[in-house]
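Report on the structure given below.
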2 protein chains.
Amino acid sequence: MRRSTLEEVAALAGVSKMTASRALRGASDVAHDTRERVRKAAEKLSYVGNRLALSLSSQRTNLVAVVVPSMSNTVFPEVLSGINAGLVGSGMQAVFGISDYDEEKEREIIRDMLSWQPSAIIVTGLDQPDDTVAMLKSAGIPIIQLMDLDGTPVDFNVGLSHGEAGRDMAVALLAAGRRKIAYVGSALEKDLRAVKRMTAFAGVLAAQGLSFVAEQVDDGFSSIARGKRLTARLLASNPDIDCIYYSNDDMAAGGLFCCMEMGIPVPSQIVLAGFNGLDLTEALPAPIATSKSPRRAMGEAAARLITDIMRNASETGPKTIVFKPPITGLRTV
Amino acid sequence: MRRSTLEEVAALAGVSKMTASRALRGASDVAHDTRERVRKAAEKLSYVGNRLALSLSSQRTNLVAVVVPSMSNTVFPEVLSGINAGLVGSGMQAVFGISDYDEEKEREIIRDMLSWQPSAIIVTGLDQPDDTVAMLKSAGIPIIQLMDLDGTPVDFNVGLSHGEAGRDMAVALLAAGRRKIAYVGSALEKDLRAVKRMTAFAGVLAAQGLSFVAEQVDDGFSSIARGKRLTARLLASNPDIDCIYYSNDDMAAGGLFCCMEMGIPVPSQIVLAGFNGLDLTEALPAPIATSKSPRRAMGEAAARLITDIMRNASETGPKTIVFKPPITGLRTV
DNA sequence: CCTGATAACGGTACCGGTATCGGTAACATG
DNA sequence: CATGTTACCGATACCGGTACCGTTATCAGG
């Protein structure tokens with residue numbers, strides 16, 4: 001059972017390939033009943049157009065390549081659905097690739113994506129190595145670097161400053177009277193944005209003559225279970241801390257569960273702070289502070305930016321779209 | 001800055017298009033230094049092959065289309081990364097589409113996916129309407145229906161029986177001595193698999209002369225916050241229940257948080273049961289029962305099934321791969 | 001010296017569509 | 001009646017690769 005082609009549809013309708021093509025695309029210059037005949041023929045053969053041929057011929061794919069580092073965390077799926085949502089009705093289609101937080105892999109995924117001749121590409125962060133950047137540039141399409149603003153963008157840039165987010169959180173926690181602050185994170189060599197938040201946070205502490213009183217870091221990926229485990233380890237050796245800054249909300253939630261089991265009141269005795277503003281944080285039985293990053297909105301913004309660019313490549317809008325995550329879950333004095 | 005083509009690479013290397021093609025694909029019948037010249041030329045022009053042309057010409061895309069209903073839940077991203085993982089090294093590439101739990105949308109997404117001439121397609125569940133099934137069949141490629149086994153598969157089928165999962169959980173909860181059982185769910189008209197679990201669960205109750213003592217259902221999508229809210233509503237009018245079966249773990253986790261805030265001991269006074277076996281459930285401060293569905297493994301199995309089929313279309317392996325989710329978080333007597 | 005095998009490469013015909021340019025028929029217009 | 005115009009439709013040339021077959025040069029063997 002072979003796939004039927006336009007040629008076969010045309011033959012069945014008794015017209016030429018060209019006319020069939022026009023009829024199905026709803027172009028003008030086709031008589032009404034001819035169009036109907038073609039439609040019927042297509043229906044009968046359950047014809048599905050071949051986009052390979054279409055795109056090769058018309059020299060545009062309407063494809064948006066998206067490369068994200070992971071899918072196991074909930075944040076990137078949310079970004080992806082934002083992108084998807086922002087693309088509906090534009091005739092564009094997103095295709096995803098996962099780099100597993102690996103530069104090598106990312107380069108290969110990007111190469112692979114580019115071979116599909118996408119009309120635009122979205123990559124995560126702006127810390128790609130030079131050769132990857134070169135490859136991106138040579139594709140001659142709009143490049144959008146998403147999620148992060150701390151660095152020099154190649155082309156377009158949509159995201160938030162993780163440095164600023166870290167600083168803001170540090171300031172807020174200090175303002176809330178916390179001084180004995182510890183850090184809990186994971187996979188720091190992979191998650192560069194978490195590192196940016198942490199170092200910026202530490203910078204604020206240093207300016208006050210403070211520093212993290214303790215750190216617990218391991219090299220697995222962040223998860224609730226790992227946050228719980230690392231927090232337990234931390235508290236075993238440092239029972240007198242009054243605040244923990246986590247690499248993200250998953251870890252912080254695990255931390256909260258640890259505290260609850262140990263009977264430590266949160267946030268009165270220890271304030272927990274994460275990053276992302278996951279929906280989870282709004283339902284937890286005790287508040288954890290977090291920077292609410294607009295993941296869906298960033299995805300949508302990137303998508304919209306692309307559709308705008310496609311509409312009129314001439315008048316260029318802003319090259320950078322800045323988001324600022326508000327801090328929630330922290331009762332400031 | 002236009003993309004360079006194979007023709008240009010060939011010209012630069014001083015050979016024909018064909019030879020360049022052979023050289024880059026590592027085929028034999030190319031002299032060693034010719035191959036090197038071509039490689040250098042390709043490098044110099046930072047040549048990236050055009051997969052549209054490749055696939056159109058060679059009549060195979062090595063694309064696996066995947067259609068999932070959602071991305072906001074954590075379960076489908078996990079399935080996707082399973083698929084991705086199972087596909088690495090096979091030369092196949094997964095492309096994703098999101099149907100938003102909407103049959104109409106699903107049909108359009110599938111049509112769209114098929115237009116890319118994928119080598120195989122994975123869809124979620126086996127409750128597609130007839131016209132969608134017809135379209136799938138007419139594509140003439142392997143079709144894999146994933147996640148669910150309760151129904152008649154079109155072609156291949158990988159998943160678990162949600163009916164059985166619901167029944168097993170009911171049996172287990174009854175064995176644990178629970179009798180006043182309530183149900184909390186959401187978006188039931190969308191999530192058919194949750195319905196299958198619930199009705200099967202109710203069937204077991206009915207066989208014992210029991211039924212749900214109360215139900216709380218609304219039509220938003222499941223989330224922790226919604227689970228918390230619905231549980232609060234449920235307990236307000238039914239304070240004497242001893243068990244709640246949820247449509248999934250997100251809802252159940254929300255329920256747990258509700259109970260904790262109300263000071264209700266879990267699981268001694270009320271046992272909470274969900275579905276999925278999210279990582280979250282292993283870190284919560286009180287246990288919730290759940291059927292641990294192997295999401296990643298199912299994705300990987302589907303991917304592996306496809307690569308197997310591609311390798312030798314002749315000898316057909318099993319058409320169905322069955323997973324059985326174990327129940328965790330429940331101390332049976 | 002002729003033959004045949006082998007290695008290396010090129011030419012041509014596709015793959016399934018769309019762009020572009022023409023062509024034809026029917027009808028209005030001067 | 002000649003001449004535009006308009007509405008439809010078809011032929012042809014691509015798009016950028018690969019499949020397939022053919023060609024050429026080189027060299028060993030009889």
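The values are calculated or read from the model by the stated rules, or taken from the named source; none is laboratory data. Remember, it's a predicted structure, so these values are computed and weren't measured experimentally. Cβ atoms come from the backbone with ideal geometry, glycine included; neighbour counts cover every protein chain shown. Ligands, DNA and RNA are excluded from the accessible area calculation, which covers all protein heavy atoms including side chains. Shrake-Rupley method; radii C 1.70, N 1.55, O 1.52, S 1.80 Å.
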Discussion item. I want to verify a result. In a Gaussian network model of chain A, Cα cutoff 10 Å, which of these has the top mean-square fluctuation: A:Val88, A:Val271, A:Val38?
Written reply: A:Val38
Worksheet item: In peptide A:70-83, what is the residue-averaged number of other protein chain Cβ atoms found within 10 Å of each Cβ?
Response: 4
Practice prompt. Compare the Cα positions of A:Gly185, A:Ala165, A:Ala297 along the charge dipole of chain A (+1 at Cβ of Lys, Arg; -1 at Cβ of Asp, Glu; about the Cα centre) and return the one farthest towards the positive end.
Written response: A:Ala297
Item to complete: Please sort by residue number the GluC sites (Glu not before Pro) in the stretch B:233-326 whose DSSP state is loop and whose Cβ has at most 12 other Cβ atoms within 10 Å.
Response: B:Glu315
Item to complete: Under a cut-off of 16 Å between alpha-carbon atoms, report the aspartates and glutamates in cross-link reach of B:Lys319, not counting same-chain residues fewer than 8 places apart.
Response: B:Asp148, B:Asp150, B:Asp155, B:Glu300, B:Asp308
Practice prompt. Could you give log10 I(q)/I(0) at q = 0.20, 0.21, 0.22 Å⁻¹ for the stretch A:100-170, computed by the Debye formula over C-alpha point scatterers of equal weight, without solvent?
Written response: -0.81, -0.88, -0.95
Practice prompt. With the Cα gyration tensor of the stretch B:6-49 in hand, convert its eigenvalues to equivalent ellipsoid semi-axes via √(5λ) and list them largest first in whole Å.
Written response: 14, 10, 9
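With r defined as the distance between the Cβ atoms of A:His32 and A:Lys105 and R0 fixed at 45 Å, what FRET efficiency is calculated, to the nearest 0.05?
According to the calculation, E is roughly 0.25.
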Response to the item:
Averaged over the residues of A:113-125, the number of partner chain Cβ atoms within 10 Å of each residue's own Cβ comes to 3
Worksheet item: If you put +1 on each Lys and Arg Cβ and -1 on each Asp and Glu Cβ, how big is the dipole of the stretch B:162-291 around its Cα centre, in Debye rounded to 20?
Response: 240 debye
Response to the item:
For the stretch A:208-246 the residues that are at least 20 Å² less accessible with all protein chains than alone, 1.4 Å probe, are A:Ile224, A:Ala225, A:Lys228
Worksheet entry | Using θ = phi - 60° and Karplus 6.51 cos²θ - 1.76 cosθ + 1.60, couplings along the stretch B:173-181 (whole Hz; Gly, Pro as x) | 5, 5, 4, 7, x, 7, 10, 9, 9
Worksheet item: What per residue convex hull volume, in Å³, do the alpha-carbon atoms of the stretch A:202-294 yield?
Response: 106 Å³
Discussion item. Test of the criteria: in the stretch A:58-153, which trypsin sites (Lys or Arg not before Pro) are in a DSSP loop and have at most 15 other Cβ atoms within 10 angstrom of their Cβ?
Written reply: A:Arg60
Worksheet entry | Chain lengthening between A:Lys17 and A:Leu188 when straightened (0.36 nm per residue, less Cα-Cα) | 55.8 nm
Fill in: Buried area at the A-B interface (accessible, heavy atoms, 1.4 Å probe, summed, Å²)
4500 Å²
Worksheet item: What is the spin-label model distance, in nm, from B:Val322 to A:Ala297 if the labels are put 7 Å beyond Cα along the C-beta direction?
Response: 5.0 nm
Worksheet entry | Cβ-based charge dipole, the protein assembly as shown, positive-most Cα from B:His32, B:Gly49, B:Thr281 | B:His32
Worksheet item: Using a simple spin-label model with points 7 Å from Cα along the Cα→Cβ vector, what separation in nm is obtained for B:Arg179 and B:Leu210?
Response: 0.9 nm
Worksheet item: Along the charge dipole of the stretch A:162-291, Cβ charges K/R +1 and D/E -1, which of A:Val204, A:Ala225, A:Gly254 sits furthest on the positive end?
Response: A:Val204
Worksheet item: Could you state the number of Å between the C-alpha centres of the stretch A:102-125 and the stretch A:215-289?
Response: 35 Å
Fill in: Carbon/sulfur fraction of accessible area - the stretch A:6-49, other protein chains in place, 1.4 Å, %
51 percent
Worksheet item: Using the alpha-carbon atoms, what tilt in degrees (0 to 90, nearest 10) does helix A:295-311 show relative to the longest principal axis of chain A?
Response: 30 degrees
Response to the item:
For the protein assembly as shown, the dipole about the Cα centre with charges only on Cβ (Lys and Arg +1, Asp and Glu -1), to the nearest 20 debye, works out at 880 debye
Worksheet, complete the sentence: Quarter of the surface of the C-alpha convex hull for chain B, i.e. direction-averaged projected area in nm², equals 21.7 nm²
Worksheet item: Accessible area per residue, 1.4 Å probe, Å², for the protein assembly as shown: what's the number?
Response: 42 Å²
Response to the item:
For peptide B:45-55, the mean count of other chain Cβ atoms within 10 Å per residue Cβ is 6
Discussion item. Rounded to the nearest 20 debye, what is the charge dipole size of the stretch A:6-49 about its Cα centre when +1 sits on each Lys and Arg Cβ and -1 on each Asp and Glu Cβ?
Written reply: 60 debye
Worksheet, complete the sentence: Note: the stretch A:44-119, point scatterers on Cα, Debye, no solvent; log10 I/I(0) at q = 0.18, 0.20, 0.21 Å⁻¹ equals -0.82, -0.94, -0.99
Practice prompt. Once you have the Kirkwood Rh of the protein assembly as shown from its Cα pairs, apply Stokes-Einstein at 25 °C and 0.890 mPa s and quote D in µm²/s.
Written response: 90 µm²/s
Worksheet entry | Between 0 and 90°, nearest 10: helix B:75-87 axis offset from chain B longest Cα axis | 30 degrees
Worksheet item: With r defined as the distance between the Cβ atoms of A:Ser90 and B:Glu282 and R0 fixed at 51 Å, what FRET efficiency is calculated, to the nearest 0.05?
Response: 0.80
Fill in: Over chain B, relative contact order from alpha-carbon pairs under 8 Å, at least 6 apart, %
16 percent
Response to the item:
B:Arg60 and B:Ser268 label points (each 7 Å along its Cα→Cβ direction) are spaced in nm at 6.3 nm
